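The next block holds one structure in the form of structure tokens; read it before the comments.
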Protein chains: 2
Amino acid sequence: MAFTTKATIASFGGKLLKLSHQAKSTNCEMGLNLYLPPQAASDSGKKVPVLFYLAGLTCTGDNGAEKGFFQHGASQKGMAVVYPDTSPRGLNIEGEDEAYDFGSGAGFYVNATKEPYSKGYNMYTYITEELPNALFSSFKQLDSSRMGITGHSMGGHGALTLFLKNPGMYKSVSAFAPIANPINCPWGQKAFKGYFEEDQQQKWKEHDASELVKQWKGPLDILIDVGTGDNFYKQGQLLPENFMKAAKESGNDKDVKLRMQPDYDHSYYFISSFAEDHIAHAAKHLLA
Amino acid sequence: MAFTTKATIASFGGKLLKLSHQAKSTNCEMGLNLYLPPQAASDSGKKVPVLFYLAGLTCTGDNGAEKGFFQHGASQKGMAVVYPDTSPRGLNIEGEDEAYDFGSGAGFYVNATKEPYSKGYNMYTYITEELPNALFSSFKQLDSSRMGITGHSMGGHGALTLFLKNPGMYKSVSAFAPIANPINCPWGQKAFKGYFEEDQQQKWKEHDASELVKQWKGPLDILIDVGTGDNFYKQGQLLPENFMKAAKESGNDKDVKLRMQPDYDHSYYFISSFAEDHIAHAAKHLLA
């Protein structure tokens, strides 16, 4: 479905487009931001790679575009950045707006199989299929053969799992304070209980980065940053050590870099401080 | 009066301190953000220069710290950044919270002489005297001999007027979409009518950058950015051409650079896109 452009905003020499489109997979209108760097804002006919940034709990596509500072590095490298929303909106499911960590703003990048959320909480299909297909058919300057993915917290979980579930689809992956082992943390357990049927424990593992990494074959170059002052890390919601342990035990840890950043918290002050490193990590693969 | 540190946040290798203190000039508790770059966050004993960023209408000290992208360049240059609030808060003056462009969030960096605002709307004294004095006595790593000033919109007016009214106090000045001729625009006329007595027309000129620049003696190196897509510019609220004309007529325009930035609006997307240029402009003088 074509996009409606609600605003075009000049940013770091390129254009930030505030878009919306009617999505089939999520059964509602979805908003997002698309950053076109100077290299793509012009009509040079040159195609640019695309980095997807998946946001965390309570966020929309606006948080990263306003406070992440990915545009700064993306404009220098010539990379488009897509900032999707984090869930369907307005499906009028009873209780969907009641919790900050479940329902609206908390789609967890899975396809819900359990009623009533199965009627539209299909962020996995939306992010991996419907959204990229729509973008590549509407914006010819985006190179469908060069997609990268990153994300924060719930979105870091999304980035890692979408990458690991779809070998070859994304050329780069990184994460900021990811929920790296959802089946073993309160946030993930609450979400998976709500989105999946009781008898689908296997589904949980299929959306857990620390389980998926065990099955990975081939090279695996991942950059992960986590702040030592991150309260959600301290509370055991992120568990990056479990991901590193699983990567190591499966022999996939050679190029997996977990950087514990002294004193940094879980906020966009943390993300913006390292956004340039993650853009550089993506560029290593997308602009190779 | 000593500061209360409400939060210490890691940002770009330095620390962002969320501070508050009881201010005499504004007769209330004032909040602000102070960014200490890595060079000052350590106990090296080395002093760093200080850039004051004055925010615009409706803002607090948080907007620039979250969305201005100044920390990125300040951490590289070794420059502290102060993000003050834009007015007193909670003085319980009838109607002070009713308009977005007058009263709270709209102090206009003047000392009000008209009742009831004269009881605390003294942002001129707060920014030029009380705040810097308090900062320099509490934070020994800040170099009181190297202050620079910049700001956005109403804060751009503040930066230009505070610089021009106090020769030698600030070593650098720049502005983003400043209200450059307030006595001739609706925002400025409304504010000055409300803060100054009827018989004090002279006061208006004393707080108008386009009037003050005529009296300037000596070198004047100013960087001003304005977006051509800025609706407030189009509505005649900013009038940067009037400032340039006055600078030219008084022979002060040699190093006054007004850059009209194609398509940029009045938002923090605009500010963040050029924050690095303004940090570099300040560094040219503060780190000379």
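The values are calculated or read from the model by the stated rules, or taken from the named source; none is laboratory data. Note that this is a predicted model, so its numbers are computed, not measured. Using ideal geometry, Cβ is built from the backbone for each residue, glycine included, and neighbour counts are taken over all protein chains shown. Side chains included, ligands, DNA and RNA excluded: accessible areas come from the protein's heavy atoms. Shrake-Rupley method; radii C 1.70, N 1.55, O 1.52, S 1.80 Å.
Miscellaneous remarks
- Qualifying residue in the range A:267-279 (condition: touching a residue at least 60 places away in the same chain (Cβ under 8 Å) and more than 11 Å from chain B (Cβ to nearest Cβ)): yes
- Condition broken by B:W204, with the remaining ones in (1) closer than 24 Å to A:L16 by Cβ; (2) outside any loop (DSSP other than H, G, I, E, B) satisfied: (1)
- Taken together, the residues in the range B:38-52 that are open to solvent by less than 10 Å² (accessible area, probe 1.4 Å) and either within 12 Å of chain A (Cβ to nearest Cβ) or part of a strand (DSSP E or B) (or both) amount to 5.
- As a summary of the residue check, A:K119 satisfies the conditions (1) more than 27 Å from A:D230 (Cα to Cα); (2) open to solvent by 30 Å² or more (accessible area, probe 1.4 Å); (3) in contact with a Ser or Thr (Cβ under 6 Å, 6 or more places away or on another chain) except for the one numbered (3).
- Cβ pairs under 6 Å, 6+ apart, first in the range B:88-113 and more than 16 Å from B:K190 (Cβ to Cβ) and of a type in the set (A, V, I, L, M), second open to solvent by less than 20 Å² (accessible area, probe 1.4 Å) and part of a loop (DSSP other than H, G, I, E, B): B:L91/B:G120
- Qualifying positions in the range B:194-227 - within 14 Å of chain A (Cβ to nearest Cβ) and under 30 Å from B:D97 (Cβ atoms): B:V226, B:G227
- Given (1) surrounded by fewer than 19 Cβ atoms within 10 Å (Cβ to Cβ); (2) in contact with a helix residue (DSSP H, G or I) (Cβ under 7 Å, 6 or more places away or on another chain), index of the condition B:G90 fails: (2)
- From the options A:A55, A:A74, A:A65, A:A41, residue that is of a type in the set (G, A, S), closer than 21 Å to B:D265 by Cα and within 16 Å of the chain's Cα centre (by Cα): A:A65
- Residue in the range A:173-187 that is within 16 Å of the chain's Cα centre (by Cα), farther than 21 Å from A:A106 by Cβ and either within 14 Å of another protein chain (Cβ to nearest Cβ) or not in a loop (DSSP other than H, G, I, E, B) (or both) present: yes
- Total residues in the range B:94-111, condition open to solvent by less than 10 Å² (accessible area, probe 1.4 Å) and farther than 10 Å from B:T26 by Cβ: 7
- Among residues of the range A:112-135, those that are under 18 Å from A:G31 (Cα atoms), touching a helix residue (DSSP H, G or I) at 6+ places or on another chain (Cβ under 8 Å) and in a helix (DSSP H, G or I), counted: 4
- When every residue of the range A:193-203 is checked against the conditions, at least one turns out to be modelled with pLDDT under 95, charged (D, E, K, R) and surrounded by 15 or more Cβ atoms within 10 Å (Cβ to Cβ).
- Residue that is nearest to the other protein chains (Cβ to nearest Cβ), among those in the range A:228-265 that are open to solvent by less than 30 Å² (accessible area, probe 1.4 Å) and more than 29 Å from A:A288 (Cα to Cα): A:Y264
- A:K67 passes every criterion in (1) within 14 Å of chain B (Cβ to nearest Cβ); (2) over 22 Å from A:H152 (Cβ atoms); (3) open to solvent by 10 Å² or more (accessible area, probe 1.4 Å) apart from (2).
- Taken together, the residues in the range A:7-33 that are within 14 Å of another protein chain (Cβ to nearest Cβ) and assigned to a strand (DSSP E or B) amount to 11.
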